[in-house]
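The values are calculated or read from the model by the stated rules, or taken from the named source; none is laboratory data. A quick note: this is a predicted structure, and the numbers were derived from the prediction, not measured. Cβ coordinates were reconstructed from backbone atoms using ideal geometry, including for glycine residues, and neighbour counts include every protein chain displayed.
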Amino acid sequence: METFIRIFRNFREYFILVLFAGISLLLISQSNSTLVGLIRTVSLGASGSLYSLANNLSPSNILRSNDQVMRDANIRLMEEIMELRQLKYENIRLRKLLEFRKSAPSTLVPAEVIGQRRTAFTNYLTISTGKSEGIGPGMPVLLENGLVGKIQYASNTYSIVQTLFNRDFRVSAIVKRSRVKGIIRWEKGDYLLLSNVLKTADVAVGDTITTSSFSTIFPPDIFIGTVVSVGTGPTGVFNRITVKPGMNLGTLEWVFVRRSLPDSERKDLEDLLKTQAL
């Protein structure tokens, strides 16, 4: 008892403050006056704000906020990395095109592929160059990694390219290793056929196929593709030779048109021979 009295004496101011504060709170809670209601509203709002602030400053909320910031930063970083990779690949591709342009004849005209039309039997490209730059039907279209096709139609600004993947396309070709000659054509799918090659001809998987000097449109030694299979044709006389082309039609963005036309004198002479044969 004496201990309690001694504590009360030493801290009587605090006990009295707590007592009156409790009485005040009791009176406020029981009162319905406008002033007391206002005080009560302000107090509740202040306490709510303090609680919200304290809740937002809690360690768990701070961690969640930091995690969201990190996720957003990672997303932005990944987008920037993808853009840089795309620029890198674009730079490599353009550098190859420039190197090919420098090493190739000055008659090459660069053109952007701006359209493509595919059917079950034909494949055409629309490119951004035409008669205004000296482009005309029959001119070869190529890339650094292979033959693409030839100009079929040309307007003043645009041209239509008949690609290798066309049932009507033919080009005289040669096996670079053995000098065996044949005709490149397309039936379907992503591969070409080297036809008119006898079963006894020296052709093997891995051989390189290029254009030959027999062509009246394409200059010789333009890369066409690589032999991937050699089998016997349906007649048993000719081989069925499958060739993987050097160019990928689905990824073409730029091509080169060679401003050259067939030798008219040679063409007229060969056409005369065909007429006489008929």
Exercise. Does residue 183 satisfy the criteria of being of a type in the set (Val, Ile, Thr) and in contact (Cβ under 8 Å) with a residue 40 or more places away in the chain?
Worked result: no
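So is residue 126 surrounded by fewer than 14 Cβ atoms within 10 Å (Cβ to Cβ) and farther than 29 Å from residue 207 by Cα or not?
no
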For this session: Could you check how many residues of segment 152-180 are within 26 Å of the chain's Cα centre (by Cα) and part of a strand (DSSP E or B)?
Result: 5
Problem set entry | Subset of segment 213-262 [part of a loop (DSSP other than H, G, I, E, B) and among the polar types (S, T, N, Q)] | 213, 215, 216, 235, 248, 260
Seminar exercise, completed: Across segment 111-132, the tally of residues that are touching a helix residue (DSSP H, G or I) at 6+ places or on another chain (Cβ under 9 Å) and modelled with pLDDT under 90 stands at 1
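Among what's in segment 217-242 and is among the polar types (S, T, N, Q) and in contact with a strand residue (DSSP E or B) (Cβ under 7 Å, 6 or more places away or on another chain), pick the residue that is nearest to residue 170 (Cα to Cα). Quick ask: steps written out before the conclusion?
Step one: of segment 217-242, the residues among the polar types (S, T, N, Q) are 226, 229, 232, 235, 239, 242.
Imposing the further condition that a residue be in contact with a strand residue (DSSP E or B) (Cβ under 7 Å, 6 or more places away or on another chain) reduces the set to 226, 229, 232, 239, 242.
On the way: 226: 17, 229: 20, 232: 21, 239: 17, 242: 15 Å.
The residue in question is 242.
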Exercise. Any idea which residue in segment 133-169 is nearest to residue 120 (Cα to Cα), counting only those that are buried (at least 21 other Cβ atoms within 10 Å of the Cβ) and touching a helix residue (DSSP H, G or I) at 6+ places or on another chain (Cβ under 7 Å)?
Worked result: 165
For this session: Kindly indicate the residue of segment 184-201 that is under 34 Å from the mean Cα position of the chain (by Cα) and assigned to a loop (DSSP other than H, G, I, E, B) and also surrounded by the most Cβ atoms within 10 Å (Cβ to Cβ) among those meeting that condition.
Result: 186
